[in-house]
1. Return only the number of the condition from (1) closer than 21 Å to THR157 by Cα; (2) surrounded by 14 or more Cβ atoms within 10 Å (Cβ to Cβ); (3) out of contact with any strand residue (DSSP E or B) (no Cβ under 8 Å at 6 or more places or on another chain) that ILE50 does not satisfy.
2. In the list ALA73, ALA154, ALA148, which residue meets the criterion of being surrounded by fewer than 22 Cβ atoms within 10 Å (Cβ to Cβ) and either under 28 Å from LEU261 (Cα atoms) or touching a residue at least 24 places away in the same chain (Cβ under 8 Å) (or both)?
3. Mind checking which pairs have a first residue in the range 44-68 that is closer than 19 Å to GLY88 by Cα and touching a residue at least 40 places away in the same chain (Cβ under 8 Å) and a second that is away from ligand 1 (no atom under 15 Å from the Cβ) and part of a loop (DSSP other than H, G, I, E, B), Cβ under 7 Å, 6 or more apart or different chains?
4. Specify the residue that is nearest to ligand 2 (Cβ to nearest atom); the eligible residues are those in the range 42-69 that are of a type in the set (A, V, I, L, M) and part of a helix (DSSP H, G or I).
5. Kindly evaluate PHE199 against the criterion of being modelled with pLDDT of 95 or more, surrounded by fewer than 21 Cβ atoms within 10 Å (Cβ to Cβ) and either part of a strand (DSSP E or B) or among the small types (Gly, Ala, Ser) (or both).
6. Quick one: would you say ALA77 is away from ligand 1 (no atom under 13 Å from the Cβ) and either touching a Cys at 6+ places or on another chain (Cβ under 8 Å) or farther than 12 Å from VAL136 by Cβ (or both)?
7. Out of (1) away from ligand 1 (no atom under 16 Å from the Cβ); (2) at pLDDT 95 or above, what's the single condition that is false for PRO121?
Amino acid sequence: MSSKKILGYATKGVGQPLEPITYAPPKLGQHDVRVSVTHCGVCHTDIHAIDDYYGITAFPFVPGHEIVGHVSAVGKAVSDLNVGDRVGIGWQGRSCMKCEWCLQGEDQLCLDIVESGTWVPYGGFSSSVIADNRFVYPLPDSMPSEVAAVLLCAGITVYSPLRLYATEEKQKIGIIGIGGLGHLALQFARALDYEVTAFSSSPEKEKEALDFGADHFIVSTDEAILREAMLSFDLLLCTSSHKIKWDLLLNILKKKGRFVLVGFPDIEFNSTELVARQLSITGSFLGNRATMQEMFSFALTHSIAPKVELMPMTKVNEAIRRVKENKARYRIVLFNDTADTGA
Ligand SMILES: [Zn+2]
Ligand SMILES: [Zn+2]
């Protein structure tokens, strides 16, 4: 292990811009690996955490959890990874390995989930991070680092529920919100053989949505079209965290239809249709380790890739501003342009 200081970009208080800080490398546990960061995606969750939306942020806070880099050191109990390997780490960097959910292989539901975040103690907007090797994924050689970075959080977030609810019979699915998550969801849903409709409040996204794999496009603010689509969808996957037209969207679900949330829109609807049609509303959070591995090979087989803007890590505040202002098309990944990348 090197004793070299780590350079990270940290916010020192709620909603504050990031600034460079240095800190001693966190101690490498026996199951840990240290990874020199080459790329790190900017996710809405980082911005929520900077703003302490979840009420769990410890300052100074170094965000970043779509991490790609090279292994620079391994703990004593690590046998599957070697120094130099190119690897990826998503939001979850460890788990307790002993709670009821970990024992069932549902790592993302670990009762110690707050402590399991890759950004504990410091995240990927930095020269180096540590994580438990069981949450560090070797990457296929042919997959570009910026593609892998986004798949590690946005990819698993949408793949996991789409895979869980896919059936032999072709189902009609609607993807609500065509942004960083939605544009990947369209690609995965198409490859999983759903009939896919993209819902966006921006009519100008129609052509790109169709190119990403949508069979149909609906402007989500068009109430007349939503009324016409009544009782026609098996599944709606909502990637949006903005206000949505709940009553009209629940109305387009078939009886026993399912509404899956991966975004965080405020919930407000009349419950009558929910009861009368026996609808389900459910959340989905990341995915387990087995699904992560499956997702990488599925994405490779079906040539699924996010559309990425690359920016240097030294411009992290500008990147965050673009994501906040909804200007990223469709995800931003930072590449590490600091002179010294590494502990
Ligand atoms: Zn994320
Ligand atoms: Zn656990």
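The values are calculated or read from the model by the stated rules, or taken from the named source; none is laboratory data. Being a predicted model, the structure only gives us computed values, none of them experimental. Virtual Cβ from ideal backbone geometry, glycine too; neighbours counted across all protein chains shown.
1. Answer for ILE50: the failing condition is (3).
2. Just one listed residue meets the conditions, ALA73.
3. VAL62/TYR122; VAL68/LEU139
4. The selected residue is ALA49.
5. no
6. Details: away from ligand 1 (no atom under 13 Å from the Cβ): yes; either touching a Cys at 6+ places or on another chain (Cβ under 8 Å) or farther than 12 Å from VAL136 by Cβ (or both): yes.
For ALA77, the condition - away from ligand 1 (no atom under 13 Å from the Cβ) and either touching a Cys at 6+ places or on another chain (Cβ under 8 Å) or farther than 12 Å from VAL136 by Cβ (or both) - is met.
7. The one condition PRO121 does not meet is (2).
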